[in-house]
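Novice: Quick one: the structure is below, and I'll ask about it shortly.
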Amino acid sequence: MSRHHFLGVLLLQVASVTIGGALPNSDPSPAPSVVIAPNGTVQVTRMVPVPSTISTAAQEKLVNTKPAPQSHQTLQEHRTDTDKWQVERAQESLELYPVKLATDVIAGVPVRVVTPREITPENAARVLINLHGGGFRVDAGSLTETIPIANLTGTKVISVLYRPTPENRFPAAVDDAVAVYQESRRG
C-alpha cells in the first residue's frame, strides 16, 4: 500500500465517521433530523456533502461508499474487532510512517506515545494530544491516527486512552483528557 493510498484511506475513514457540519467550501447541508425513541435513545442523522477540497478520486470514493449495515455485535465484540483492526492497521502504518511507539501513564491515565524518529527543531517543545476516534466507546484511532501525524509533522503525539462509555459516565473521558493535558504542560 503506497503512502498516498494509505493517507487517502485514512482520510476516507475520518470523513466517513464525521458527523460535524460541512466544510466552508462545500454545499450547505440540511438541518439534522432527530428521532427520540421511547427509551430515550437519540438518533441524529445529518447530511454531510462530499467536500470540494479533496481530490477527484477521493470524491468518487466517498460518493461510492456504502454505509455499513447495522451491527448486531455487542459492545465488547465491537471493541475486540476494533482493537484487532487498530493493531493490523498500525503495522501497515509503521511500514509507511516509521515512528517510535510506547505506552505510558500520565496523570493516572493510560496513553500511547508516538514519537517521530526525528523531531524537527521547531517542534521540539510541541506535543499534540490526540483524543482518538471511536465515539468515546471504542479505540478507533489511537494508533491509526497518530502514527502518520507524528511521522509527517515531526511532532510527538500523545493519544489519550480515555475511559470509555457507557461504563464511565460523562465527563470521565473529558476529565482524562484534561488531566493528561495539564500534566503534559508541567512536564
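Novice: Please specify each residue of region 172-186 satisfying the condition of being over 13 Å from residue 131 (Cβ atoms) and free of Cβ contacts under 8 Å to residues at least 12 places away in the same chain.
Specialist: Hits for region 172-186 are 185, 186.
Novice: Shifting gears a bit: Mind telling me which of the residues 87, 127, 113, 138 ends up being in contact with a His (Cβ under 7 Å, 6 or more places away or on another chain) and among the β-branched types (Val, Ile, Thr)?
Specialist: It is 138.
Novice: Answer yes or no: is there a residue in region 136-154 that is free of Cβ contacts under 8 Å to residues at least 40 places away in the same chain, farther than 14 Å from residue 114 by Cα and of a type outside the set (Lys, Arg).
Specialist: yes
Novice: Out of the residues in region 33-71 that are in contact (Cβ under 8 Å) with a residue 24 or more places away in the chain and in a helix (DSSP H, G or I), state the one that is surrounded by the fewest Cβ atoms within 10 Å (Cβ to Cβ).
Specialist: Among them, the one singled out is 57.
Novice: Give region 150-160 a look and list any residue that's crowded, with 20+ Cβ neighbours inside 10 Å and either hydrophobic (A, V, I, L, M, F, W, C) or part of a strand (DSSP E or B) (or both), or say none.
Specialist: 150, 156, 157, 158, 159, 160
Novice: Okay, next question. Out of everything in region 72-105 that is in a helix (DSSP H, G or I) and of a type in the set (Ser, Thr, Tyr), what residue ends up being farthest from the chain's Cα centre (by Cα)?
Specialist: It comes out as 80.
Laboratory data are not the source of any read-out in this text; all were calculated from the coordinates shown. Here the structure is a predicted model, which means the values were calculated and not measured. Using ideal geometry, Cβ is built from the backbone for each residue, glycine included, and neighbour counts are taken over all protein chains shown.
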